[in-house]
Amino acid sequence: MSYDPNNIFARILRGEIPANKVYENAHALAFHDISPQAPVHVLVIPKGAYVQMDEFTAKASAAELAGFLGAVGEVARQTGVDKTGYRLIVNNGENGRQDVPHLHMHVMGGAPLGRMLPRS
Ligand code: AMP
């Protein structure tokens, strides 16, 4: 999938629309999800133009990779979910049901989250 520079997270990164920021470093930004699905629901995004995780891991520099993963850990500690447990989700592409085409990691916790996927 080619990168759409007008996606909503690209616009947040450019400061065109606001976000409720949790943490930022040179390569990543973390902010509260606008429609939280758990008491803690934070999104961590790389500042670079990547859509999926496979693309990010293939193309990003070591500093970008470290900045992104480091931000995930920072968010877990800052929100306190490191103490009680949490779930990390990255939806990728069509089958992964990715809505916003800029790579993002959901950091979710603050309460028991149930099964990872509903059973059919
Ligand atoms: P996904 O389905 O994995 O692409 O997740 C996209 C997430 O972005 C959803 O959980 C939305 O609630 C969230 N979202 C969409 N727009 C915004 C926004 N402006 N600020 C914060 N979160 C947003």
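Values quoted throughout were computed directly from the atomic coordinates according to the rules given, and no laboratory measurement underlies them. Remember, it's a predicted structure, so these values are computed and weren't measured experimentally. FYI the Cβ positions are ideal-geometry reconstructions off the backbone, even for glycines, and counts take in every protein chain you see.
Scan the range 9-22 and tell me whether some residue there is assigned to a helix (DSSP H, G or I), touching a strand residue (DSSP E or B) at 6+ places or on another chain (Cβ under 6 Å) and away from the ligand (no atom under 15 Å from the Cβ).
Within the range 9-22 (the criterion being assigned to a helix (DSSP H, G or I), touching a strand residue (DSSP E or B) at 6+ places or on another chain (Cβ under 6 Å) and away from the ligand (no atom under 15 Å from the Cβ)), the answer is no, since none of the residues qualifies.
Quickly run through the range 89-120 and pick out the residues that are surrounded by fewer than 13 Cβ atoms within 10 Å (Cβ to Cβ) and either aromatic (Phe, Trp, Tyr) or more than 10 Å from the ligand (Cβ to nearest atom) (or both).
If the condition is that a residue be surrounded by fewer than 13 Cβ atoms within 10 Å (Cβ to Cβ) and either aromatic (Phe, Trp, Tyr) or more than 10 Å from the ligand (Cβ to nearest atom) (or both), then Glu94, Asn95, Ala111, Pro112, Gly114, Arg115, Met116, Leu117, Pro118, Arg119, Ser120 are the ones that fit.
Would you confirm whether any residue within the range 58-65 is free of Cβ contacts under 8 Å to residues at least 12 places away in the same chain, of a type outside the set (Val, Ile, Thr), surrounded by 13 or more Cβ atoms within 10 Å (Cβ to Cβ) and more than 21 Å from Ile12 (Cα to Cα)?
no
In this structure, does Phe31 turn out to be surrounded by fewer than 20 Cβ atoms within 10 Å (Cβ to Cβ) and either closer than 20 Å to Gly70 by Cβ or within 14 Å of the ligand (Cβ to nearest atom) (or both)?
Spelling it out, it is not the case that Phe31 is surrounded by fewer than 20 Cβ atoms within 10 Å (Cβ to Cβ) and either closer than 20 Å to Gly70 by Cβ or within 14 Å of the ligand (Cβ to nearest atom) (or both).
Would you check which residues across the range 1-30 are free of Cβ contacts under 8 Å to residues at least 40 places away in the same chain, in contact with a helix residue (DSSP H, G or I) (Cβ under 7 Å, 6 or more places away or on another chain) and within 30 Å of Arg115 (Cα to Cα) and list them?
Matches in the range 1-30: Ala19 only.
Which ones in the range 20-59 are hydrophobic (A, V, I, L, M, F, W, C) and touching a His at 6+ places or on another chain (Cβ under 8 Å)? Let's see the steps before the verdict.
Here is the first cut: in the range 20-59, the ones hydrophobic (A, V, I, L, M, F, W, C) are 22, 26, 28-31, 34, 38, 40, 42-45, 49, 51, 53, 56, 58.
Of everything in the range 20-59, those that are hydrophobic (A, V, I, L, M, F, W, C) and touching a His at 6+ places or on another chain (Cβ under 8 Å) turn out to be Val22, Val42, Leu43, Val44, Ile45, Ala49, Val51.
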